[in-house]
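Asks: This structure is in structure tokens; I'll ask about it shortly.
The values are calculated or read from the model by the stated rules, or taken from the named source; none is laboratory data. Since this is a predicted model, take the numbers as computed values, not measurements. In this analysis, Cβ positions are derived from the backbone assuming ideal geometry, glycine residues included, and neighbour counts consider all displayed protein chains. Just so you know, the surface numbers come from the protein's heavy atoms only, side chains and all, with ligands and any DNA or RNA stripped out. Shrake-Rupley method; radii C 1.70, N 1.55, O 1.52, S 1.80 Å.
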Amino acid sequence: SGFTALSSHVSSAEVLELIQSLFVSIDYAAECVGQVWKVELIGDCYKAIIGGPQHCSDHAVRGVALGYSIVAICKTIASRLRVRLSVRVG
């Protein structure tokens, strides 16, 4: 259910387009949540910190909100494209 398995069924251009769609959507969700510092992207891994580099007292609430948003985004995109995706948030 990962991108490696998916790439055996679709072209590399389609996988890149899918990853780009996911990351653009996650960036937008992070902007809406606020106080999200995107640390890095490695392949299909999106790493971010809530409340960094500036402290925010509600970082846990924002983190949960972003986590739920990421799951919803993946579910929506997978359904629209009729592909199977899984996501881990933590």
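Asks: Do you know which of the residues in segment 60-79 that are over 21 Å from Glu17 (Cβ atoms) and either open to solvent by 30 Å² or more (accessible area, probe 1.4 Å) or among the aromatic types (Phe, Trp, Tyr) (or both) is nearest to the chain's Cα centre (by Cα)?
Replies: First, pick out the residues of segment 60-79 that are over 21 Å from Glu17 (Cβ atoms): 60-68.
Now narrow it down to the ones that are either open to solvent by 30 Å² or more (accessible area, probe 1.4 Å) or among the aromatic types (Phe, Trp, Tyr) (or both): 60-62, 64-65, 68.
Values: Ala60: 17, Val61: 17, Arg62: 15, Val64: 13, Ala65: 12, Tyr68: 10 Å.
Step by step, filter segment 60-79, then rank; the result is Tyr68.
Asks: Can you tell me which residues in segment 48-89 are farther than 15 Å from Glu31 by Cα and among the hydroxyl-bearing types (Ser, Thr, Tyr)?
Replies: Ser57, Thr76, Ser79, Ser86
Asks: Out of the residues in segment 21-59 that are in contact (Cβ under 8 Å) with a residue 40 or more places away in the chain and surrounded by 11 or more Cβ atoms within 10 Å (Cβ to Cβ), state the one that is nearest to Cys74 (Cα to Cα).
Replies: Ranking the qualifying residues of segment 21-59, first place goes to Leu22.
Asks: For the subset of segment 80-90 comprising residues that are surrounded by 15 or more Cβ atoms within 10 Å (Cβ to Cβ) and closer than 16 Å to Tyr46 by Cβ, which member is farthest from the chain's Cα centre (by Cα)?
Replies: Leu85
Asks: Another question, then. Can you name every residue in segment 60-90 that is touching a residue at least 24 places away in the same chain (Cβ under 8 Å), within 27 Å of Val15 (Cα to Cα) and among the basic types (Lys, Arg)?
Replies: Answer for segment 60-90, where residues must be touching a residue at least 24 places away in the same chain (Cβ under 8 Å), within 27 Å of Val15 (Cα to Cα) and among the basic types (Lys, Arg): just Arg84.
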